[in-house]
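Have a look at the structure below, then the notes.
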Amino acid sequence: MIEQDKYSQTLARLVLISLLLAIVVIGLGAYTRLTHAGLGCPDWPTCYGLIDVPETSLQIAAAEQAYPERPVEPAKAWNEMIHRYFAGSLGLLIAAIALFSIKLRYSKNSNVKYPLLLPLCILLVVIFQAALGMWTVTLKLMPIVVMGHLLGGFTTLCLLFLLYLRIKSTRTTTQRESQVELPLTKYTRYAFVGITILTAQIALGGWTSSNYAAMSCVELPICQGDWLSDLSFTQSFDLIPPEQESYEFGHLAHNERVTIHVTHRLGAIITSIFLVWLAVTIFIKTSTVSTKKSAIALLVLLVIQISLGVSNIWFSLPLNVAVAHNLVAACLMLSLITLTYQLKQNSEESLNE
């Protein structure tokens, strides 16, 4: 039993460390993308054939002879490799989580059913995420791959957070106050709708970034000039783009980038209206302190995210603001998942009454 507790505590620590590391990896991925360092290393998983970055004159000469189309830029190469180091470490931690979960699930002395399917799903996601990282380089920043890589990072983070919530939520008597929240049970499905809408908006953000459309509109609240005549949906959202030698710095025409940018702005309005309605409604209807706090956190993060989005336009995409926009989007999703998890638990407890 002592060994069982030891494995359980180790698993909880691993999940928490992985969760924090996943947030760092998302931030580093955004930083790498925004500093145009996605092709800082033209090969994968090495960098010009090395496990670090070419720095000596001999290494740089050999690297540029092997990849004459991609001169060595040490700063960009280090941005890319640091991201890879952290992502690789996260992958190893997730593999360890899967192993500990199998050990706990099939332990003879265990009377608690630890999650197994979820850790295995996370492991599969992170393996596919590694493949997306490779394709990002080999397919020269193809927008659909870059967007998929971003969504893969968010998916990994969200699944780790869900695993953390499941491990943490050993039902205690203090949670029984939610049994009186019968009117809130119907809002669980609305919370899931909110997750779907927010996911779509994050995907639109990834599509905007991967197509270098963030600065295609530089005025607020609408685009500059006769922006309606610039809208063109013909090729703006083609998932398979025409073949290019490289997709770095974008391949779409200006009006197509404007279309993507405007769609992202409209998506932000729809997402904001829905999440404000959801958070305010739940805050008014709930009497549970933890649920009220989650609703407030969702509103606060939404206000911060909108402010960062406006600042990106107003101040011409400053690096720190753009990276923060990615990180707060992740925190906003985690906040919404927390609220949804609480509502779902309430629904389950109400059904068991």
Stokes-Einstein translational diffusion, region 117-170 - Kirkwood Rh over all Cα pairs, 0.692 mPa s, 37 °C, in µm²/s: 278
Calculated [θ] (222 nm, deg cm²/dmol) that DSSP helices of n ≥ 4 give over the chain, each run adding -39,500 (n - 2.57): -24000 deg cm²/dmol
Assigned charges on the beta-carbon of Lys, Arg, Asp, Glu; region 239-353 dipole about Cα centre (debye): 540
Under 21 Å, Cα to Cα: Lys pairs in the chain, sequence gap 8 or more or different chains: 20
With at most 11 other Cβ atoms within 10 Å, longest stretch of the chain clear of loop chymotrypsin sites (Phe, Trp or Tyr not before Pro) (DSSP): 107-232
Degrees between helix 57-66 axis and first principal axis of the chain (Cα, 0 to 90, nearest 10): 90
Residue-by-residue Karplus 3J(HN,Hα) for region 300-317, coefficients 6.51, -1.76, 1.60, Hz, glycine and proline x: 4, 5, 5, 4, 4, 5, 4, 4, 5, x, 5, 5, 4, 6, 4, 9, 6, 6
Rounded FRET efficiency, nearest 0.05, which uses the C-beta distance separating MET134 from LEU58 and R0 of 30 Å: 0.65
Fluctuation leader among MET215, MET147, MET333 - the chain, Gaussian network, Cα springs under 10 angstrom: MET215
Distance cut-off 20 Å, percentage of C-alpha pairs in region 206-353 lying past it: 58
Normalised contact order of the chain, rounded percent, pairs of Cα under 8 Å and 6 or more residues apart: 21
Cys residues of the chain counted as unpaired, since no other Cys beta-carbon is under 4.7 Å: CYS121, CYS158, CYS331
Region 45-96 shape via C-alpha gyration tensor axes, a/c threshold 1.5: prolate
GluC sites (Glu not before Pro) lying in DSSP loop within region 209-276, provided at most 15 other Cβ fall within 10 Å: GLU219, GLU243, GLU245, GLU248
The chain - charge dipole about Cα centre, Lys and Arg +1 at Cβ, Asp and Glu -1, debye rounded to 20: 1700
Farthest toward positive dipole pole in the chain [+1 Lys/Arg, -1 Asp/Glu at C-beta], among LEU150, SER89, GLN244: SER89
Three-way shape call for the chain based on the alpha-carbon gyration tensor, with the a/c threshold at 1.5: oblate
Folded to 0 to 90 degrees: helix 2-34 orientation relative to the chain principal axis, Cα: 30
In degrees, nearest ten, helix 117-138 long axis to first principal axis of the chain (Cα): 10
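No value in this document is a laboratory result; all are computed from the given coordinates. Because the structure is predicted, anything quoted here is derived from the model rather than measured. Cβ atoms come from the backbone with ideal geometry, glycine included; neighbour counts cover every protein chain shown.
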